[in-house]
Amino acid sequence: MAEDSRFSFMSIDQVQIRFAQVHEEVCREKGRVEILDGAGKGCVLISKEELDTLEEALEILSNTTNVQKMAKTIAALTHAVAQGPLVAPAETSRN
């Protein structure tokens, strides 16, 4: 992991060689490491403390009045769409 950044990128080969060190650094710095394979697929290793913080933030955000209002609006729109077409079909003109 780079010393000047809490967020870094590593190949899966680098992580395999240095896993214990990467684990220790992520836990100590509460940082993140994006681990990529040769095909560009990846995952992120984060500390348990950072995961807990992110989950707490999501819980707080999900309990706000505005989020609840948005959820109700989305539910109402979903219900309306399920009931049928939102736009009346265009009439064909007869010549």
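Quick note: the coordinates plus some simple rules give every number you see, no bench work behind them. Please read these numbers as outputs of a predicted model, since none were measured by experiment. All Cβ positions, glycine included, derive from the backbone under ideal geometry; neighbour counts span all protein chains shown.
Below are the figures for this structure:
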{"quantity": "Estimated distance in nm for a label pair at GLN68 and ILE12, the labels positioned 7 Å out from Cα along Cα-to-Cβ", "calculated": "4.4"}
{"quantity": "Cut-off under 5 Å, modelled amide H: who pairs with GLY31 long-range", "calculated": "SER47"}
{"quantity": "Residue-wise HN-Hα coupling along the stretch 43-53, computed from phi with Karplus coefficients 6.51, -1.76, 1.60 (Hz; x: Gly, Pro)", "calculated": "9, 10, 9, 10, 6, 4, 4, 5, 4, 4, 5"}
{"quantity": "Placed amide H near SER11: partners under 5 Å, 5+ positions off or other chain", "calculated": "LEU36"}
